[in-house]
Amino acid sequence: MNRFLISAAHKSSGKTMVSIGLCAALAVRGHAVQPFKKGPDYIDPMWLGQAAGHACRNLDLYLMENDDVVYTFSRHASEVNLVEGNKGLYDGLALDGSNSNAALAKLLDLPVMLVIDARGMTRGIAPLILGYQAFDKDINIAGVILNNLGGKRHESKLREVIEHYTDVPVIGAIQHDEQLSIVERHLGLMPSNESHVANAKIKQIGEAIAEQVDLDRLLELSQKTELPLLCSERVETVSPATSAPIPTFPLQGGWGREGQADKVVPFPQPKVRIAIARDRAFGFYYADDLDALEAAGAELVPFDALRDAHLPEVDGLYIGGGFPETCAAELEANTALRGEIRQAIANGMPAYAECGGLMYLSRGIAYEGRSFDMVGAIPGDVKMHAKPIGRGYVHLQEDAEHPWPRPDAPAKQIKAHEFHYSSLENLPPDSRFAYHVARGYGIDGERDGIIVNNLLASYTHLRTIGSCYWATRFVGFIRRCKGQTLDSISIKEKAI
């Protein structure tokens, strides 16, 4: 097994391009590559998963407990395991670095491959590397990948300096090449589901990385023989008396720890069918959430909100995030589907929407001087802004209005995240909401999760981790609604 962290001295150093290229290059060589991404992110994982041929998994030290991070990594680990960091190696929200990339490297015993944007640098690269080594001696900076080099002469000087002053090997030297860049917008890279040239771009980047990074040396430096231990197991090896059991939840109810889909007891009920929007407008879904929905007894039925004229025959609806504003004209033009969705929600179909999905279900989207009609299920209007309205981690407190079934002791606080440049305006004063926002913005700075009939729509992106087992609750809600529908039909038939 091989495992390593691709990190950098600072953000925008090219680590995503390097990570995509490594996934593609290693996969071409016949390796089974499993990508992971640190933090809350949809777009980078889409590119990484497409390059590797395996769904990328997110590891988040803020939203997840350490044991859940280790369990998720170990459950999905393959032959070569690439973890792409976010921001710089030592960057993070906590002053003590407990949710930094370095902390993740320690937790999972990951050698670090440090990507350095070397534009304009020569001798100054040595103190940078030495400083990163000295800052935390428990971090193994196993190799350096130089990026944005100005030519072979520049590369030669940097190699000479690094070899003279440090003990870190240079395993890659990538020349500056505009052809390797991916179009960016406000959330980062353009999602791969929007780019018709994604496969060609991945192939191009993979070939460039294969030529300029020593893949054999990378694998040599990242070889590991064992998976990382759970934190509770590490404690137990020191003092069994102080080790605490890992918290678990009733598996029959489906709200176990993230990654326990393979341990869930099969449901005796037939599966519920959930329509899920998968197209250029909507693609922000966590692989673990989709696993959890299926483990709870859902059959996910994809549809294209841009092209399909009708919803499939389903019991519920799920529309995740994305960029509906960039596809607004096409979404507006699909009047038949918009009408069917509006009618289905009006008739009580259970539905869940996040961010872009919320925008699509509103009355309309105002974008770049134009207004586009949307579904109209939510009695509000979406307006796009030049700067983020809500950005970062969110803390939610669940209100009594929340429609989904819950256990006797629901979580006191739900940790999640948001990132939206739009606002939902002109809502009726009697609108109902599922959450009070303790941290973040949500819909209006205080509330999130608007409720319309059996629809719950929010700007917040949830993850089925820890005590936030939304996937199981949503499936349970669909079952409950379906049961009520069946009961009403039976009564009607008896009356006839």
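Here, each number is a calculation from the coordinates, and none is a lab measurement. What you see is a predicted model; the values in this text were computed from it and never measured. Every residue, glycine among them, receives a Cβ derived from its backbone with ideal geometry; neighbour counts consider all protein chains shown.
Near Phe303, the amide H atoms lying under 5 Å from its own belong to Ile276, Ala277, Arg278; only residues 5 or more places off or on other chains count, and H is placed 1.01 Å from N.
Quote to one decimal, in nm, the extra length available between Arg391 and Ala329 on full extension: 0.36 nm per residue of separation minus the C-alpha distance between them.
Values: separation 62, 0.36 × 62 = 22.32 nm, distance 2.62 nm.
That works out to 19.7 nm of additional length.
With helices as the sole contributors, the chain gives -9500 deg cm²/dmol at 222 nm; each DSSP H run of n ≥ 4 counts as -39500 (n - 2.57), and the sum is divided by every residue.
Averaging 1/r across all pairs of distinct Cα atoms in the chain and inverting the result yields a Kirkwood radius of 24.1 Å. Extent along the principal axes, Cα only, for region 261-487: 52, 39, 32 Å, with the longest axis given first. Working note: Karplus 6.51/-1.76/1.60 with θ = phi - 60° gives region 8-13 the couplings 8, 6, 7, 5, 6, 8 Hz, where Gly and Pro are set to x.
Each label was represented as a point 7 Å from its Cα along the Cα-to-Cβ direction; for Asp430 and Ala287 these points are 4.7 nm apart. Residues whose amide H falls under 5 Å from that of Arg432, counting only those 5 or more places apart or on a different chain, are Ile451, with hydrogens built in the peptide plane. Backbone phi angles across region 351-367, fed through the Karplus curve with coefficients 6.51, -1.76 and 1.60 (θ = phi - 60°), yield HN-Hα couplings of 9, 9, 9, 10, 6, x, x, 4, 4, 5, 7, 6, 5, x, 10, 9, 8 Hz in residue order; Gly and Pro are listed as x. Both radii were evaluated on the Cα set of region 323-407; the Rg over Rh quotient, with Rh as the Kirkwood radius, amounts to 1.01. Our coupling estimate for region 99-104, obtained by passing each phi through the Karplus curve with A = 6.51, B = -1.76, C = 1.60 and θ = phi - 60°, is 10, 7, 4, 4, 5, 5 Hz, Gly and Pro reported as x.
Using a ≥ b ≥ c from the Cα gyration tensor of region 1-159 (square roots of the eigenvalues), is it rounded, prolate or oblate, where a/c under 1.5 gives rounded and otherwise the larger of a/b and b/c decides, a/b for prolate? Verdict is oblate for region 1-159.
By the count of neighbouring beta-carbon atoms within 10 Å, fewest first, Val437, Val382, Val170 end up ordered Val170, Val437, Val382.
I need the peptides 298-306, 126-134 ranked by packing, meaning the mean over residues of other C-beta atoms within 10 angstrom, with the highest value on top. Don't jump to the answer; show the numbers that get you there.
On the way: 298-306: 18.3, 126-134: 15.4.
Ranked by mean Cβ neighbours within 10 Å, highest first: 298-306, 126-134.
Here are some pairs, Lys15/Lys201; Lys37/Lys412; Lys106/Lys412; which of them have Cα atoms lying more than 21 Å apart in this structure? Could the numbers behind the result be given before it?
Values: Lys15/Lys201 16 Å; Lys37/Lys412 28 Å; Lys106/Lys412 30 Å.
Among Lys15/Lys201; Lys37/Lys412; Lys106/Lys412, the Cα-Cα distance tops 21 Å for Lys37/Lys412; Lys106/Lys412.
Working note: Debye formula, equal point scatterers on the alpha-carbon atoms of region 1-82, no solvent; log10 I(q)/I(0) at q = 0.13, 0.17, 0.27 Å⁻¹ is -0.37, -0.64, -1.43. When Rg and Dmax are taken over the Cα atoms of region 407-462, they come to 11.7, 36 Å.
Neighbour counts of other Cβ atoms within 10 Å put Glu325, Glu163 in the fewest-to-most order Glu163, Glu325. Annotation: amide H of Lys11 within the under-5 Å range of Gly88, sequence separation 5 or more or interchain, hydrogens built in the peptide plane.
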